[in-house]
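We did not get these values from a lab; they are worked out from the coordinates using the rules stated. Since we're looking at a predicted model, the values are computed, not measured. Every residue, glycine among them, receives a Cβ derived from its backbone with ideal geometry; neighbour counts consider all protein chains shown.
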Amino acid sequence: MEKIIVSVIGRDKVGIIAATTRTLSEANVNILDISQTIMQDYFTMILVADISGCRVSFAELKESLKKTGEGIGMQINTQRAEIFDFMHRI
């Protein structure tokens, strides 16, 4: 399994989860876990997904998610899980 971490941050509005998950679905990415909350007027979401069956390269997926975020006024960051884990080791 090849995991990625996707974080989404910005002002709350309708359609954030739909737009983000649609981009992942179109690339054949399987969402494994998702958590979202609203803090005051700010929406935050983090999800873990499996890209083993992804139809595009990681770089293309990352760029597609970034563009999705720009289109809805959100910041979407994508990292490979092993890089995320390495960066956050104690």
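Quick notes on this structure:
- Across all directions, the average flat footprint of the convex hull enclosing the Cα atoms of the chain is 5.9 nm².
- In this Cβ point-charge picture (+1 for Lys and Arg, -1 for Asp and Glu), the chain has a dipole of about 120 debye about its Cα centre.
- Segment residue 33-residue 82, extension gain: residue separation times 0.36 nm, minus the distance between their alpha carbons: 16.0 nm
- Only DSSP H runs of four or more residues enter the estimate; each adds -39500 (n - 2.57), and after division by the residues of the chain the mean residue ellipticity at 222 nm equals -11000 deg cm²/dmol.
- Selection among 72, 8, 31 by position relative to the dipole of the chain gives 72 as farthest towards the positive end (Cβ unit charges, Cα centre).
- For the stretch 6-51: Kirkwood Rh in Å [reciprocal of mean 1/r, alpha carbons]: 11.0 Å
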